[in-house]
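All remarks here apply to the structure that follows.
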Amino acid sequence: MSVTPADLRFMFLRGLGLVRRGWTSLRARGWRATWDRTRAQFKRATPLPPSQLYLPDAAPFAPFALATSDAPVASLVIPVFDQFAHTLACLRALAAHPPATPFEVIVVDDGSRDETIDALPRIGGVRYHRRSSNGGFIAASNDGAALARGEYLVFLNNDTVPQPGWLEAMLGTFADEPGTGLVGAQLLYPDGRLQEAGGVVFADGSGWNYGKFESPDDPRFAYLRDCDYASGAAIAIPRTLFVALGGFDTRYAPAYYEDTDLAFAVRAAGQRVVYQPAARVIHVEGGTAGTDTQVGMKAYQVRNRETFAAHRADALAAHLPADAVPTPAQLHRRQRQVLIIDAMAPRPDHDSGSLRLVNLMRLLRQEGAHVVFLPADVKRQDPYTTQLQRMGVECWHAPHAARPARWLREHGARFDAVMVSRHYVASEFLPLLREYAPQARLIFDTVDLHYLRERRGAAVSGDAALARAAERTRALELGVIAACDATLVVSEVERDLLRTDAPSARVEILSNLHRIAGPGRSFIDRKDLVFVGGFRHPPNVDAVLWFVREAFPRIRERLPDVRFHCIGSHTPPEITALAAVPGVLVHGHVADIDPYMDGCRIAIAPLRYGAGVKGKVNLSMAHGQPVVATPCAVEGMHLRDGQDVLVGDTADAFADAVIKLYRDEALWTSLARNGLDSVAAHFSLDAARETVRRVFLDRSAP
């Protein structure tokens with residue numbers, strides 16, 4: 001294909017624009033920041049594969065319709081000026097993958113001269129508003145906002161292609177992240193590279209598209225976080241807040257810096273500006289205004305930067321200098337930064353230890369800390385890694401953190417506190433942490449005291465080899481405790497044991513952490529029994545076998561229709577075989593256990609040995625589901641037999657307790673109510689808040 005004069009002109013103008021922007025960057029940011037930005041532009045980042053991106057076919061226009069609502073929750077405002085091909089692609093994307101949230105689309109025509117005028121009125125579901133004259137992006141956007149009926153305004157550039165699920169992710173942020181006033185999307189180039197992961201504003205008013213040209217899956221850019229601003233190409237804001245702030249500030253007319261100033265206004269009003277990576281939107285950067293800041297509409301970007309810098313001078317004084325190269329450490333410099341290391345990504349739907357860890361991270365974030373998670377196996381495990389990122393946890397994994405030693409050498413200096421879970425993980429990481437994060441408070445999370453659990457298991461089985469192994473574990477665990485600044489246990493029983501075994505250690509109780517689900521269904525609307533517990537944990541295998549063989553036959557004699565639901569991952573053959581017993585249903589792993597928590601009348605905890613606090617007991621009580629347990633299962637849980645829980649120490653006593661509770665509605669109702677109160681008092685996030693502040697966040701503590 002021959003090169004035309006138009007091609008040559010395009011390449012010349014693009015090259016000239018690059019030279020101009022490079023020179024401007026050198027003057028504003030210095031050589032280091034400019035070099036890093038240039039290197040990023042030409043770096044071979046790993047883009048999203050085409051299979052993960054939706055781009056509509058560039059077919060000739062034909063009328064179609066959007067599934068909009070007359071009672072919208074979200075009002076999508078799309079200002080347009082010519083460039084009908086871009087507008088058509090945006091609207092086709094909304095038609096092909098309509099949001100589940102009721103929405104309306106308001107297209108504000110800012111004086112177009114192309115086929116926009118004739119075509120847009122032929123697209124069903126679009127509220128088409130044509131301005132009498134061209135006023136620029138700010139005027140068109142404010143006009144669209146004035147026409148909106150939804151609770152939320154969502155501003156979209158016409159050169160965007162929203163990806164499936166984008167709107168739900170944006171609007172869900174307002175509910176999930178308290179105090180959020182503005183949400184920005186993750187912007188992608190059509191080739192799958194990252195365009196912006198929330199913007200950074202420097203002290204001189206200049207901006208940085210954080211993550212530009214990088215991989216969208218890079219851990220630095222894949223987690224929810226507060227940002228300085230979000231590009232107006234795709235942002236959401238409550239309509240009442242937008243109106244209260246006066247809309248986009250007309251001092252920046254016709255365009256540029258109005259979105260940056262809006263973010264500063266939102267913060268000045270006491271609200272947060274949040275980047276949501278789950279809301280992906282393709283943006284053809286410069287598709288409307290070009291990219292050369294010396295000519296045309298784009299020239300207003302340079303002028304308005306000076307206007308913005310003068311207007312927001314007080315707020316900008318605390319921002320990074322223009323020669324800084326933004327990193328996660330710098331972006332979170334005003335927060336306590338906490339690193340958490342565990343064997344693997346927590347799976348809260350599999351085990352109570354994972355649920356406790358996830359809720360601890362949630363609690364740390366509520367207290368203003370920035371949380372970073374590094375799995376010892378350095379594996380990304382979805383959906384669990386993604387779930388943490390959507391919570392706002394910075395999650396590292398291979399290939400970005402393939403070698404923990406190298407990663408800690410680069411990142412260790414940023415952390416105020418580091419928590420390592422499980423003694424076998426801590427023993428590997430402690431030397432690295434002392435070398436690369438000497439300033440950090442080292443916290444050892446036992447999860448439960450492994451040597452106590454192993455001792456009890458050996459006693460139940462009478463196995464001398466297991467008893468010797470337990471003593472070896474004790475030596476390892478106590479060695480880690482001695483090397484750390486603080487140790488977390490989950491019960492008073494374990495704390496009292498360490499007062500003898502490790503008298504000089506600082507030991508704090510951080511028990512199971514649960515969010516209260518509420519009372520759920522009534523006694524009459526529930527039936528059957530349920531057990532929940534992962535079967536990689538040997539005490540759970542022993543407990544279910546003992547219950548089905550020793551207690552369940554007596555229960556079935558008196559309650560012949562009752563069924564026992566056995567739920568837990570990694571089911572071994574001996575547990576699977578129990579499905580042959582009449583009334584026993586072995587479900588294995590169940591992703592959503594809420595129907596069993598809300599539908600089964602009684603939860604059982606027939607543990608004969610173990611250590612720590614039993615999450616299965618807390619989980620049921622948090623759903624208003626009474627529990628029948630063994631003494632071991634309720635150890636250290638502040639529970640009273642007959643008031644909060646029923647306890648049976650033999651098979652017959654256990655069966656009798658189940659039968660009594662199953663038939664007695666008044667007793668059941670009392671235990672359900674008292675169980676909820678007990679979880680709130682001892683095992684909720686609020687109950688642990690002071691301990692978390694003292695151990696992780698108190699700058700004065702040793």
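Laboratory data are not the source of any read-out in this text; all were calculated from the coordinates shown. The shown structure was predicted, so the numbers you read here are calculated from the model rather than taken from an experiment. Virtual Cβ from ideal backbone geometry, glycine too; neighbours counted across all protein chains shown.
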Using the Cβ atoms and a cut-off under 13 Å, what net charge is assigned to the surroundings of residue 250, where Lys and Arg are +1 and Asp and Glu are -1?
-3
Add +1 for every Lys or Arg and -1 for every Asp or Glu among the other residues with Cβ under 12 Å from the Cβ of residue 671, and state the total.
-1
Put a dot 7 Å past each Cα toward the Cβ at residue 466 and residue 70; how far apart are the dots in nm?
6.9 nm
Under 8 Å for C-alpha pairs, at least 6 residues apart: give me the relative contact order for the stretch 435-528, rounded to a whole percent.
27 percent
Please state the relative contact order of the chain as a whole percent: Cα pairs under 8 Å, 6+ residues apart?
9 percent
Amide H neighbours of residue 629 under 5 Å, counting only residues 5+ apart in sequence or on other chains, H built in-plane at 1.01 Å?
605, 646, 647, 648
Please report the projected area of the chain's Cα convex hull averaged over all directions, in nm².
35.4 nm²
Unit charges at the beta carbon, dipole of the chain: most positive-side option, 595, 580, 310:
310
What ³J(HN,Hα) values, in whole Hz, does the Karplus curve 6.51 cos²θ - 1.76 cosθ + 1.60 give for the stretch 568-577 when θ = phi - 60°, with x put for Gly and Pro?
x, 7, 6, 5, x, x, 5, 7, 4, 5
Cα convex hull of the stretch 523-683: mean projected area in nm², to one decimal?
8.1 nm²
When 241, 646 are ranked with the fewest other C-beta atoms within 10 Å first, the list becomes 241, 646
For residue 469, net neighbour charge (Lys/Arg +1, Asp/Glu -1) across residues whose Cβ lies under 11 Å away:
+1
Putting +1 on Lys and Arg Cβ atoms and -1 on Asp and Glu Cβ atoms, find which of 348, 523, 277 reaches farthest to the positive end of the dipole of the chain.
277
